[in-house]
């Protein structure tokens, strides 16, 4: 293994752990930091605004000249950034809201079903063909979703019940919108630098969520730990992790990076079991294995395609 590839794998690992930590951190914010009544949509707007401020400086130091490209193509590209910003904002909003109602392990599992929906959306949009292996992956993923939704359990704050099921569905919607972002985000990411895209998505998110703020319980009187958590998710998960992931993308092939989704779900479950006393039941473990197996089948590259491209 060469040095650059090793650096890429290390960066991908730490970026994934940053993202995996979001799930138990959200649970702690809502349940153990005096923020039980915190409006999820207001907190998402705060996190998005913080993320935009964190990423903005990076847009001026990248070498690809993304601002110049955007000025030259804004009449066409503003629409692309608009709907991608919408997808990313809704993904974050549903994921954030899920942390209030369901456990960290369950939220992580449902959010990480996105490869299943990515494949289905790509097929419906005629961007990708299905084969027997991928169909099996979709069926396994859907089976895992159903079993996980029906499984019992809980954590230090609540047992599984109707409210938990509502949180599960919110996390599942988060996975759907991440899948939409993945399928349709290729045009922007191929033309502009990743830091520029991340900042513009977040600025669009700030604007798109303004109408929602009229229905939110807006308050800046939040416990210190809530501000620390939001800043961590904006700066570390939304800033540092994105930067580390961009380094990994330069040195590690996409098929390997895709498999880090397994690590994210596993890491979040372990963090939840250790710090939040998550009750991991056998049906949930079985559902977890099904979903990870589905991701493995869907993300696996076809060897024939690889050999032809070489």
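May I ask you to verify whether residue 42 is assigned to a helix (DSSP H, G or I), modelled with pLDDT of 75 or more and more than 23 Å from residue 236 (Cα to Cα)?
On the way: assigned to a helix (DSSP H, G or I): yes; modelled with pLDDT of 75 or more: yes; more than 23 Å from residue 236 (Cα to Cα): no.
Here the answer is no, as residue 42 does not meet what is asked.
The test for being at pLDDT 80 or above and farther than 21 Å from residue 150 by Cβ holds for residue 224.
So in segment 208-235, with the set limited to residues that are within 23 Å of residue 55 (Cβ to Cβ) and free of Cβ contacts under 8 Å to residues at least 12 places away in the same chain, which one is surrounded by the fewest Cβ atoms within 10 Å (Cβ to Cβ)?
Pass one, segment 208-235, residues within 23 Å of residue 55 (Cβ to Cβ): 208-210, 212-213, 220, 222, 226-235.
Keeping just the survivors that are free of Cβ contacts under 8 Å to residues at least 12 places away in the same chain gives 210, 220, 227-228.
Details: 210: 9, 220: 7, 227: 15, 228: 13.
Filtering first and then ranking leaves 220.
Could you tell me whether residue 244 is more than 27 Å from residue 150 (Cβ to Cβ), under 16 Å from the mean Cα position of the chain (by Cα) and at pLDDT below 75? Criteria not met by residue 244.
Consider residue 272 carefully, then state whether it is modelled with pLDDT under 80 and part of a helix (DSSP H, G or I).
Working: modelled with pLDDT under 80: no; part of a helix (DSSP H, G or I): yes.
Against the criterion (modelled with pLDDT under 80 and part of a helix (DSSP H, G or I)), residue 272 does not qualify.
Restricting the first member to segment 177-189 and to residues that are over 12 Å from residue 118 (Cα atoms), and the second to residues that are at pLDDT below 80 and in a helix (DSSP H, G or I), the beta-carbon pairs closer than 8 Å and six or more apart or on different chains are 188/77; 188/197; 189/197. Report yes if residue 113 is surrounded by 23 or more Cβ atoms within 10 Å (Cβ to Cβ) and modelled with pLDDT of 80 or more, otherwise no. In short, no. When the test is whether a residue is in contact with a helix residue (DSSP H, G or I) (Cβ under 8 Å, 6 or more places away or on another chain), under 30 Å from residue 164 (Cβ atoms) and at pLDDT 85 or above, residue 18 passes it. Residues that are farther than 17 Å from residue 183 by Cβ, in a helix (DSSP H, G or I) and without any contact (Cβ under 8 Å) to a residue 40 or more places away in the chain occur at least once in segment 123-132.
The values are calculated or read from the model by the stated rules, or taken from the named source; none is laboratory data. All figures in this text were calculated on a predicted structure; none of them were measured in a lab. Please note: Cβ atoms are built from the backbone with ideal geometry, for glycine as well, and neighbour counts cover all protein chains shown.
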